[in-house]
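Structure first, then comments.
The values are calculated or read from the model by the stated rules, or taken from the named source; none is laboratory data. All values derive from a computational prediction rather than experimental measurement. Virtual Cβ from ideal backbone geometry, glycine too; neighbours counted across all protein chains shown.
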Amino acid sequence: METVVQRAVQRLTLPDPVIRTSPDTEFVQVVHVPTWMWVERSTWGPVSVTAAVEGVSVTATARPRRAVWSMGEGGRVVCRGPGTPYSSAYDPGASSPDCGYTYRRASVGRSGGAFTVSVEVFWDVEWQGGGQTGVVPGQVKRAQRQLVVDEVQAVAVR
């Protein structure tokens, strides 16, 4: 049974996560303004495959369980789902309801003037076949992007 389970797990093609933020990664993030993060929905969902060895068939289904974000300035965020895409239905100054971060400093002194933001999506694989079931935890897919973070300062004049 172990051989057919391993074969099914190896045949799974898990999607690479696609990082999205608001403000968009093409724009500058701002210190002390909430950044919304999410993994593109098309890369977050169950993936199944069936394998057979010597007449025993096993179906393995992988499901993403959490996304762990490293924000580049030392911060880390654990999200239990893909995150919520920002839309105009939300207050522009509001924090994400489930997956966000607020930078405390600018990226100006970093290599390339940007922070490297990465996400690791952890998947659990549930399998069934031959009258048995089980779980293979710990499958991980990773992605990273550069985010420029800047400060906005005001000068008060009389």
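Points worth noting:
- Selected residue (criterion: nearest to the chain's Cα centre (by Cα)) from residues of region 51-73 that are of a type in the set (Val, Ile, Thr) and modelled with pLDDT of 95 or more: Val68
- Selection status of Pro92, over 15 Å from the mean Cα position of the chain (by Cα), closer than 30 Å to Gly55 by Cα, loosely packed, with under 11 Cβ neighbours inside 10 Å and at pLDDT below 95: no
- Members of region 107-133 that are of a type in the set (Val, Ile, Thr), touching an Asp or Glu at 6+ places or on another chain (Cβ under 8 Å) and either within 21 Å of Val18 (Cβ to Cβ) or modelled with pLDDT under 95 (or both): Val108
- Here Ser48 clears all of (1) of a type outside the set (Lys, Arg); (2) in a strand (DSSP E or B); (3) in contact (Cβ under 8 Å) with a residue 40 or more places away in the chain except the condition numbered (3).
- From the options Ser96, Ser87, Ser107, residue that is assigned to a loop (DSSP other than H, G, I, E, B), farther than 30 Å from Val9 by Cβ and in contact with a Pro (Cβ under 7 Å, 6 or more places away or on another chain): Ser96
- Odd one out for Arg65 among (1) in a loop (DSSP other than H, G, I, E, B); (2) of a type in the set (D, E, K, R); (3) loosely packed, with under 15 Cβ neighbours inside 10 Å: (1)
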